[in-house]
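Read the structure below first, then the notes.
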Amino acid sequence: LNMEGCTELESLPKRLGKQKALQELVLSGCSKLESVPTDVKDMKHLRLLLLDGTRIRKIPKINIAMVNLQDNLKDFSNLKCLVMKNCENLRYLPSLPKCLVYLNVYGCERLESVENPLVSDRLTLFLDRSEELRSTFLFTNCHNLFQDAKDSISTYAKWKCHRLAVECYEQDIVSGAFFNTCYPGYIVPSWFDHQAVGSVLEPRLEPHWYNTMLSGIALCAVVSFHENQDPIIGSFSVKCTLQFENEDGSLRFDCDIGCLNEPGMIEADHVFIGYVTCSRLKDHHSIPIHHPTTVKMQFHLTDACKSKVVDCGFRLMYTQSRVCLLDEEINANFTKLYF
């Protein structure tokens with residue numbers, strides 16, 4: 001059924017899902033269409049669903065035997081949430097729209113690759129109305145991800161942390177956790193310049209580490225889930241307790257790195273990455289710190305007593321000019337393409 005370009009179409013028949021033999025439903029360019037009947041989930045033979053150019057904000061639940069999503073997913077300019085849990089045949093994830101704030105592909109066990117860059121328009125350094133600061137991308141139990149895919153997720157996390165550092169600084173945002181992601185793995189990404197084995201990290205920061213350009217903290221924890229773990233009921237969080245000490249005094253506070261709400265078993269090790277602002281530091285210090293500072297970071301889990309943090313990492317995120325970030329991104333892409 002091809003209804004591409006039907007600009008006056010405002011709704012679909014409520015019994016559309018009764019067309020169980022339908023294999024393709026094309027609604028591209030139906031600019032007044034805001035929703036799809038919920039019974040499309042009963043269309044067991046549906047293999048192609050195109051919704052670009054519509055007003056639809058939420059993809060309906062569908063029983064679709066998809067292997068790959070369409071490459072034009074990035075053109076869904078109003079898509080905020082994409083949940084594709086337990087899509088057993090999904091193998092590839094294309095570039096995501098920059099407005100997306102929540103992605104959950106939990107249990108997509110055959111997912112192997114994701115596009116690089118993971119999110120479209122990474123070179124656009126200015127936020128527009130379609131974008132939001134807070135976002136969560138979850139790749140829990142996606143055990144067949146190639147290393148290139150994990151690198152793409154990690155690279156996006158680094159870029160997102162840099163971008164948030166700029167935006168939070170320029171908009172004077174001083175509270176909250178703004179980004180988190182997780183994916184199967186056992187290695188702290190190399191861009192975390194302070195790393196340790198185990199759940200405790202004690203870096204020594206040099207004088208003048210705290211200044212007006214400090215905007216946030218990136219945290220990483222590798223969590224090992226035991227084979228004999230009990231099924232997770234409810235949710236659990238990955239947290240970090242930070243203790244700063246120097247001649248000016250001491251400060252202790254907690255940060256959230258990530259949270260999972262999926263009941264059942266989490267298999268193998270997973271990497272959790274989160275970005276939080278420096279609100280407690282800004283509240284505590286009105287002037288730059290001029291003395292060497294010792295930091296103790298204790299990573300831990302809530303409501304998951306049989307799991308543990310086996311590696312951890314941390315990085316202070318300073319505001320860079322937009323020009324510097326753009327140059328860094330262009331150089332990285334040039335190197336990837338030509339060397």
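Since every read-out is calculated from the coordinates, none of them should be taken as a lab result. This one's a predicted model, so the numbers in the text were calculated from it and none came from an experiment. Here Cβ is always computed from backbone atoms with ideal geometry, including for glycine, and neighbour counts include all displayed protein chains.
Ranked from highest to lowest mean number of other Cβ atoms within 10 Å per residue, what is the order of the peptides 272-278, 201-207, 25-31?
Numbers: 272-278: 26.0, 201-207: 15.0, 25-31: 18.6.
So the order, starting with the most tightly packed, is 272-278, 25-31, 201-207.
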Fill in the blank from the handout: Highest mean packing first, using Cβ neighbours within 10 angstrom, the peptides 253-263, 158-168 sort as 158-168, 253-263
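Leu316: net charge of surrounding residues, Cβ under 12 Å, Lys/Arg +1, Asp/Glu -1, itself excluded? Let's see the in-between values first.
Working: positive: Arg315; negative: Asp193, Glu206.
Summing Lys/Arg as +1 and Asp/Glu as -1 gives -1.
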Handout entry: Listed pairs Lys85/Lys296; Lys74/Lys308; Lys150/Lys239; Lys85/Lys308 exceeding 29 Å between Cα atoms
Key = Lys85/Lys296; Lys74/Lys308
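Please arrange Glu115, Glu109, Glu8 by counting, for each residue, the other beta carbons lying within 10 Å of its beta carbon, fewest first. Please report the intermediate quantities before stating the final value.
Numbers: Glu115 18, Glu109 15, Glu8 8.
Fewest-to-most Cβ neighbours within 10 Å comes out as Glu8, Glu109, Glu115.
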